[in-house]
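Got a structure for you, written out below as structure tokens; questions coming shortly.
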Amino acid sequence: MLIGIPAETLHEERRVAATPETVKKFVARGHTVRVQRGAGMHAGLSDEQYSTAGAELSDDTDALAAQLVLKVRAPTRTELTKLRSGTALVGMLDPFDADGIAGFARAGLSAFALEAAPRTSRAQSIDVLSSQANIAGYKAVVIAAERFQRIFPMLMTAAGTVKAARVFVLGVGVAGLQAIATARRLGAVVEASDVRPAVKEQVESLGAKFVDVPCETQEEQDAAQGQGGYARMMPESWLQRQKVEVANRVAAADIVITTALVPGRRAPVLVTEEMVKTMKPGSVVVDLAAAAGGNCPLTTPGQTISVHGVTIVGETNLPGLVATDASTLYSRNVLEFVRLLTGDDGNLRIDLEDDIIAACLIAHNGQEKRSDAKWK
């Protein structure tokens, strides 16, 4: 089968969907891989490395003309016109973008959104959300350390003692856990909060303190359990109690990292403007939910701003700032998914009885999957 790897064209997207490592594995399985020249340049991967791994180098038109096209982000309108009807498209295609899905259906594509993979043990190897969130959590702390005008660890010197920085992490998913671990490695005192009480043990195992807001009703307990591995929107009663606890921690923190996302919905507001006003001058907020509206209403997507003496970082693609390792992990996820899509003979095989393939498939045979998981 012919596999195409085009360069990403969206602004500031530095990742690539396949690396020389995964290209070599595709070729070993009998596939022909066509990589657009310069596709890996921003991830530190040269055309020579791809060629050595067995790839054919091409322009974007030839890469997009393949039977199976692998991307990081959804194709632009220009790219969409170069994709042939019947092509299988794999990438982070946003399963909640109704207009995008309709466009894939009109183009006659079989489109697979990897973000829609179920949170099951079998699907762990293709969990792109986790692999990229891991990098985002790490990078958030590194950026915070760069913007913060003090050091993270406590130092005892002849000139006196320097106190450790205080870091507060809101949202303890994969990104939050990595942020906690990275901040602890740098020597910070770390606290964390999440709607799911079950993550307390994970937080404490990393050496951080969990800010617990007990559930008082059955409705709150049910919401706190999450669904399918994802957080759910909590009832207003719980959110009000959490807001009080969060406000106290935010005021005491030097650095706040927010990671709370609800799939398909605007990110919940966790750090209000009033909370920001209580923070010490020079404090830093890194909002990992900036692309989904932000956990702080002051966040400006794609920009770093200063408000009330606090630096607020609104980077919308943190994994893209660590493009080499982000591409390495993402391409391995893609490789595992392609293995599900191909039979022993190497040909494309869309098995709708496979729960992972069925969950990721958002357009097929001119039809689009609706939000209720049915086809039209």
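Run through all the Cα pairs of the stretch 239-376 and give the fraction in each 5 Å bin from 0, expressed as whole percent.
The percentages, shortest bin first, are 2, 9, 13, 14, 13, 11, 10, 9, 8, 6, 3, 1, 0.
Angle, helix 128-147 long axis vs. longest principal axis of the chain, Cα atoms, 0 to 90°, nearest 10?
On a 0 to 90 degree scale, this one is about 40.
If you take the charge dipole of the stretch 133-317 about its Cα centre, with +1 on Lys and Arg Cβ and -1 on Asp and Glu Cβ, which of 188, 177, 149 is farthest toward its positive end?
149
Separate question: Taking the Cβ of residue 166 as the center, what net charge do the other residues with Cβ under 14 Å away carry, scoring Lys and Arg +1 and Asp and Glu -1? Please report the intermediate quantities before stating the final value.
On the way: positive: 150, 163, 184, 209, 249, 280; negative: 191, 254.
My count for the surroundings of residue 166 gives +4.
Where the centre of each part is set by its Cα atoms, how far does the stretch 24-38 sit from the stretch 265-308, in angstrom?
When both Cα centres are located, 42 Å separates them.
Rounded to the nearest 500, what is the 222 nm mean residue ellipticity of the chain from helices alone, with -39500 (n - 2.57) per DSSP H run of 4+ residues and division by all residues? It would help to have the intermediate numbers written out before the result.
Details: 13 runs with 128 residues, N = 376.
Helix contribution divided over all residues of the chain: -10000 deg cm²/dmol.
Below 14 Å, Cα to Cα, which aspartates and glutamates can residue 163 reach? Residues fewer than 8 away in the same chain don't count.
254
What whole number of Å gives the distance from the Cα centroid of the stretch 144-192 to the Cα centroid of the stretch 321-364?
37
If you restrict to DSSP beta bridges whose two residues both lie in the chain, what percentage is antiparallel, to the nearest 5? Show your work: numbers first, answer last.
Working: 14 of 49 bridges.
Among the beta bridges of the chain, antiparallel pairing accounts for roughly 30 percent.
Given the options 205, 260, 337, identify the residue whose Cα lies farthest towards the positive end of the charge dipole of the chain (+1 on Cβ of Lys, Arg; -1 on Cβ of Asp, Glu).
Comparing the listed Cα positions along the dipole, 205 ranks first.
By a straight-distance test (C-alpha under 20 Å), which lysines pair with residue 82 as possible cross-link partners, with residues fewer than eight away in the same chain excluded?
Once the sequence-local lysines are set aside, what remains near residue 82 is 71.
Give me the net charge of residue 92's neighbourhood, meaning all other residues with Cβ under 13 Å from the Cβ of residue 92; Lys, Arg count +1, Asp, Glu -1. Please list the in-between numbers first.
On the way: positive: 15, 71, 73; negative: 8, 13, 94, 97, 115, 127.
Within the 13 Å Cβ shell, the charges total -3.
Name the long-range amide H neighbours of residue 285: under 5 Å, sequence gap of 5 or more, or other chain; modelled H, no Pro or chain starts.
Correct list: 256, 311, 312, 313.
Follow-up. So, how do all the Cα-to-Cα distances of the stretch 39-153 break down into 10 Å bins, in percent, from 0 on up?
That works out to 11, 31, 32, 19, 6, 1, in percent per bin.
Using +1 on the beta carbon of Lys and Arg, -1 on that of Asp and Glu, and nothing else charged, what's the dipole of the stretch 133-317 about the Cα centre, debye to 20?
Working: 18 positive and 17 negative charges, 118 e Å.
Roughly 560 debye, rounded to the nearest 20.
Continuing with this model, one more query. Could you state the number of Å between the C-alpha centres of the stretch 70-92 and the stretch 44-58?
Taking the Cα centre of each part, the stretch 44-58 and the stretch 70-92 sit 21 Å apart.
Could you run the Karplus curve 6.51 cos²θ - 1.76 cosθ + 1.60 with θ = phi - 60° over the stretch 291-307 and give me ³J(HN,Hα) per residue in whole Hz, x for Gly and Pro?
Per residue, the Karplus-derived 3J(HN,Hα) values read 5, 10, x, x, 7, 10, x, 8, 4, 10, x, x, 10, 10, 10, 10, 9 Hz.
Same structure, new question: For the chain, report the translational diffusion coefficient in µm²/s to the nearest whole number, using Stokes-Einstein at 4 °C, 1.567 mPa s, and a Kirkwood Rh over Cα pairs. Write out the running numbers ahead of the final one.
Working: Rh = 21.9 Å.
Rounded, D is 59 µm²/s.
Can you sort 215, 360, 296 from fewest to most other Cβ atoms within 10 Å of each residue's own Cβ?
On the way: 215 20, 360 25, 296 28.
Arranged by neighbour count, lowest to highest, 215, 360, 296 become 215, 360, 296.
Could you give the spread of the C-alpha atoms of the stretch 133-317 along their three principal axes, from largest to smallest, in whole angstroms?
55, 33, 29
Semi-axes, largest first, in whole Å: what does sqrt of 5 times each Cα gyration tensor eigenvalue give for the stretch 79-212?
Numbers: eigenvalues 346, 62, 24 Å².
So the three semi-axes of the stretch 79-212 are 42, 18, 11 Å.
Each reported figure results from applying straightforward, stated rules to the coordinates on display, with no laboratory input. All values reported here derive from a predicted model rather than from experimental measurement. Positions of Cβ are backbone-derived with ideal geometry, glycine not excepted, and every protein chain shown enters the neighbour counts.
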